[in-house]
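**Q** Here it is, the structure, as structure tokens.
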Amino acid sequence: MQTQGIQSAATAVRILAMDAVQKAKSGHPGLPMGCAELGVLLYGEILKHNPQDWRWIDRDRFVLSAGHGSMLLYSLLHLCGYPLRMEDIKNFRQLGSKTPGHPEYGQTVGVETTTGPLGQGMANAVGMAIAERMLGAAFNTDKKVIDHYTYVLAGDGDMMEGISAEASSLAGHLGLGKLIVFYDSNRITIEGSTDLAFSEDVRKRYEAYGWQTLEGDAYDVEGILGLVESARRETGRPSLILLHSTIAKGSPNKAGSHETHGAPLGEEEIAAAKKALGAPAEPFDIPEAAKAYFRSRQKDWQQAYGSWQDLFEAWSRENPDKRKAWDRQFAPVDLSGATFPQFEQGAVMATRKASGAVLNSIAAALPQLVGGSADLAPSNNTLLKGFGSFQAGSPEGRNLHFGIREHAMGAIVNGMSLHGGLRPYCATFLVFSDYMRPAIRLAALMGLPVIYVFTHDSVFVGEDGPTHEPVEHLAALRAIPNLLVLRPADAQETAQAWRMALQRGVGPTALALSRQNLTVFAKPDEWNELWANGAYAASDSKGDPALVLVATGSEVNLALEVKAALGRAGDSVRVVSMPSRELFLKAPEKYRKKLIPDSASRVLLEAGVSLGWSDVVGPQAVMVTIDRFGESAPAARIAEHFGYTVAAVKERVEKLLS
């Protein structure tokens, strides 16, 4: 171990953190300076990684859950030789730079996940560790081609956030022995000492979760390496390594102060710090010893990478069937071998049940499809029958049991997706998408093709009452950029929704599914193709329509019944099924104007808030929506109360047609 080189490299990290934050006039220098030695040990001595092939599937993952300390990660990526130039470091927090204020997946090579909202990274890492365990069970023989660790750096803020508690509890239950979390315990938050709001014994809490807990000094280089070895030896439990640190270590006058958490040190303090560290006074001037240290590590990184390549080639020769499965597992989803169920016209089925039928019909052909529910699989219909449960003793199982942990569930499936090799889905009631919203937003931001199965999608949940009846949730989800929201109207549309979700590779998809039964209705021959436009005529008028009934999900059945009840007057009514408002608004204007012509009166049917619908049907349209909370009653009484009956809607339509 090159102790002198490690210390020089730690000084380099402190220099870059101080100077970049000062140049940007904003940022968080405290964590990078306080964790400089740990960061150098991670990238120089601990991690299995390769800057020349940063996508290497068997690399160790490092998650900076305390994402505000981004200059720690950027400094290390630059020093290790990842494609992050000094010019990028100097452009910290500037428009379009590769060094944004918090690490962003896809924007900076070597960043494993977007972090910053505290606790999300912790839960992402649990997902990555689950993915490693799953894929290892699927592909490893006597030659372990999937055999890596997930490391996390978390701070006091991460430990306070509830999502970390949920994720850590599940990680302990699952015995994720290759998950190692460094807890940077500097006892400082923005407002001051953690004594203001945080006095629990974190080690005891994690022991109760079923973790191995270890403790040490953040500046004891040999001690940290020893703690990591102890963590690696513990194969049946994740490990928490609590490190006592000093925020802004190296700053003569501000070390240990909460003022260094989120503000530049100032030019005078930086000059004093560099003098005390024996560092060059010029901004961004890196000691040659630091550069030499990381150059010296390149050979070992390349040797480990080459050894794995040799192992993988030998494994491939010995296991041709597994190699074929591997190639398919890590390729974009191919639905050519998947058999989707056929739902006949007139069949009556809740879309949540149709979704379960689709999942179980295609599961065998898509081994990368894995997922589960927040203790609601029987209601969500998300269990993959015959594919076992993923548990500590059965890592080959494809069904995840998240328990009642929606906050963590959303972030865990993000981590599984980020790892690669899996197409995860997760499920709960639509009303509880609120609990998952931060993770959904980050999935959309990162462009992760995660699938959310949200059932019980309206006030027709009924007796459970307004606490369980979503009214604003569809609008809230539609407001998230790059999230595709699909609300299918029957079993056939549900199968099509799954096709679209699985073929989508640039962002997450939310399926909003009914609790109540819906009838499979007759459709035009080309409806499958028209689906890509977000809407189509489920039942057309004779000639140009006098009125267009636009509906989503379960309300399409109602719209069709209303048209039938109108008798001959219904000949002038077009019923439009709109499974995706976002796709429709992106469709060619010619298509939109033809489907919903300006000359026609419009009625909108959706059992939710009216927010956003005027963009589709215009401000003069009749909105049969619910801009208030629901009620507790049987579904039929709910429908009557809110005007979702054939008689009530027919009356409103007749007034427009008269």
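The values are calculated or read from the model by the stated rules, or taken from the named source; none is laboratory data. Quantities reported herein were computed from a predicted structural model and do not represent experimental measurements. Positions of Cβ are backbone-derived with ideal geometry, glycine not excepted, and every protein chain shown enters the neighbour counts.
**Q** Hey, among 352, 405, which residue is touching an Asp or Glu at 6+ places or on another chain (Cβ under 6 Å) and within 27 Å of residue 438 (Cβ to Cβ)?
**A** Of 352, 405, the one residue that is touching an Asp or Glu at 6+ places or on another chain (Cβ under 6 Å) and within 27 Å of residue 438 (Cβ to Cβ) is 405.
**Q** Which ranges mark the helices (runs of 4 or more DSSP H) fully within the stretch 313-394 that have 3 or more residues being more than 21 Å from the chain's Cα centre (by Cα)?
**A** Result: 320-329, 351-362.
**Q** In the stretch 179-233, how many are among the polar types (S, T, N, Q) and closer than 17 Å to residue 122 by Cα?
**A** So the answer is 3.
**Q** Which residue, of 506, 450, is surrounded by 24 or more Cβ atoms within 10 Å (Cβ to Cβ) and in contact (Cβ under 8 Å) with a residue 12 or more places away in the chain?
**A** Only one candidate passes the filter, namely 450.
**Q** Restricting to the stretch 642-651, name every residue that is part of a helix (DSSP H, G or I) and surrounded by 15 or more Cβ atoms within 10 Å (Cβ to Cβ).
**A** Matches in the stretch 642-651: 642, 646, 648, 649, 650.
**Q** Show the residue pairs meeting these rules: Cβ distance below 9 Å; 6+ apart or different chains; first residue within the stretch 114-141 and assigned by TED's automatic domain parsing to the domain that holds residue 101 and without any contact (Cβ under 8 Å) to a residue 12 or more places away in the chain; second residue assigned to a helix (DSSP H, G or I) and of a type outside the set (A, V, I, L, M).
**A** Final answer for the pair search is 140/315.
**Q** Take the residues of the stretch 600-631 that are among the hydroxyl-bearing types (Ser, Thr, Tyr) and more than 23 Å from residue 524 (Cα to Cα): which is surrounded by the fewest Cβ atoms within 10 Å (Cβ to Cβ)?
**A** Once the filter is applied, the top-ranked residue is 614.
**Q** Does residue 75 qualify as being within 23 Å of residue 168 (Cβ to Cβ), surrounded by 20 or more Cβ atoms within 10 Å (Cβ to Cβ) and among the hydroxyl-bearing types (Ser, Thr, Tyr)?
**A** So residue 75 fails the test.
**Q** Of all residues in the stretch 13-39, how many are among the small types (Gly, Ala, Ser) and touching a Leu at 6+ places or on another chain (Cβ under 6 Å)?
**A** Within the stretch 13-39, residues that are among the small types (Gly, Ala, Ser) and touching a Leu at 6+ places or on another chain (Cβ under 6 Å) number 1.
**Q** Let me ask something additional. So which of 195, 156 ends up being buried (at least 19 other Cβ atoms within 10 Å of the Cβ), touching a Lys or Arg at 6+ places or on another chain (Cβ under 8 Å) and of a type in the set (Asp, Glu)?
**A** 156
**Q** Among the residues of the stretch 354-368, count how many are surrounded by fewer than 21 Cβ atoms within 10 Å (Cβ to Cβ) and either of a type in the set (Ser, Thr, Tyr) or farther than 23 Å from residue 328 by Cβ (or both).
**A** Count: 2.
**Q** Then there is this: If we scan the stretch 58-70, do we find a residue that is touching a helix residue (DSSP H, G or I) at 6+ places or on another chain (Cβ under 7 Å), among the hydroxyl-bearing types (Ser, Thr, Tyr) and modelled with pLDDT under 95?
**A** Taking every residue of the stretch 58-70 in turn, none turns out to be touching a helix residue (DSSP H, G or I) at 6+ places or on another chain (Cβ under 7 Å), among the hydroxyl-bearing types (Ser, Thr, Tyr) and modelled with pLDDT under 95.
**Q** Would you check if residue 549 is touching a Lys or Arg at 6+ places or on another chain (Cβ under 8 Å), touching a residue at least 12 places away in the same chain (Cβ under 8 Å) and among the hydrophobic types (A, V, I, L, M, F, W, C)?
**A** Yes, satisfied.
**Q** Can you tell me how many residues within the stretch 609-655 are of a type in the set (D, E, K, R), closer than 21 Å to residue 571 by Cα and in contact (Cβ under 8 Å) with a residue 24 or more places away in the chain?
**A** Looking only at that region, the number is 3.
**Q** Kindly indicate whether any position in the stretch 386-398 is outside the structural domain of residue 174 (by TED's automatic domain parsing) and on the phi > 0 side of the Ramachandran plot.
**A** Within the stretch 386-398 (the criterion being outside the structural domain of residue 174 (by TED's automatic domain parsing) and on the phi > 0 side of the Ramachandran plot), the answer is yes, since at least one residue qualifies.
**Q** Which numbered condition in (1) surrounded by fewer than 16 Cβ atoms within 10 Å (Cβ to Cβ); (2) in contact with a strand residue (DSSP E or B) (Cβ under 7 Å, 6 or more places away or on another chain) is the only one that residue 280 fails?
**A** Every listed condition holds for residue 280 apart from (2).
Residues are listed down the side, and each one gets a yes or a no for (1) free of Cβ contacts under 8 Å to residues at least 12 places away in the same chain; (2) of a type in the set (Gly, Ala, Ser):
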site: 278; (1), (2): no, yes
site: 301; (1), (2): no, no
site: 307; (1), (2): yes, yes
site: 311; (1), (2): no, no
site: 325; (1), (2): no, yes
site: 328; (1), (2): no, no
site: 353; (1), (2): no, no
site: 360; (1), (2): no, no
site: 383; (1), (2): no, no
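**Q** Within the stretch 246-280, can you find the residues that are part of a helix (DSSP H, G or I) and more than 24 Å from residue 224 (Cβ to Cβ)?
**A** 258, 259, 267, 268, 269, 270, 271, 272, 274, 275
**Q** Moving on. Please specify each residue of the stretch 1-55 satisfying the condition of being of a type in the set (Phe, Trp, Tyr) and buried (at least 23 other Cβ atoms within 10 Å of the Cβ).
**A** Result: 43, single match.
**Q** With 39, 30 as the choices, which residue is touching a Lys or Arg at 6+ places or on another chain (Cβ under 9 Å) and not β-branched (Val, Ile, Thr)?
**A** 30
**Q** How many residues does the stretch 369-388 contain that are surrounded by 15 or more Cβ atoms within 10 Å (Cβ to Cβ) and not aliphatic (A, V, I, L, M)?
**A** Residues flagged as surrounded by 15 or more Cβ atoms within 10 Å (Cβ to Cβ) and not aliphatic (A, V, I, L, M) within the stretch 369-388 amount to 9.
**Q** Could you tell me whether the stretch 321-329 includes any residue that is touching a strand residue (DSSP E or B) at 6+ places or on another chain (Cβ under 9 Å), not polar (S, T, N, Q) and not assigned by TED's automatic domain parsing to the domain that holds residue 61?
**A** No, the stretch 321-329 contains no residue that is touching a strand residue (DSSP E or B) at 6+ places or on another chain (Cβ under 9 Å), not polar (S, T, N, Q) and not assigned by TED's automatic domain parsing to the domain that holds residue 61.
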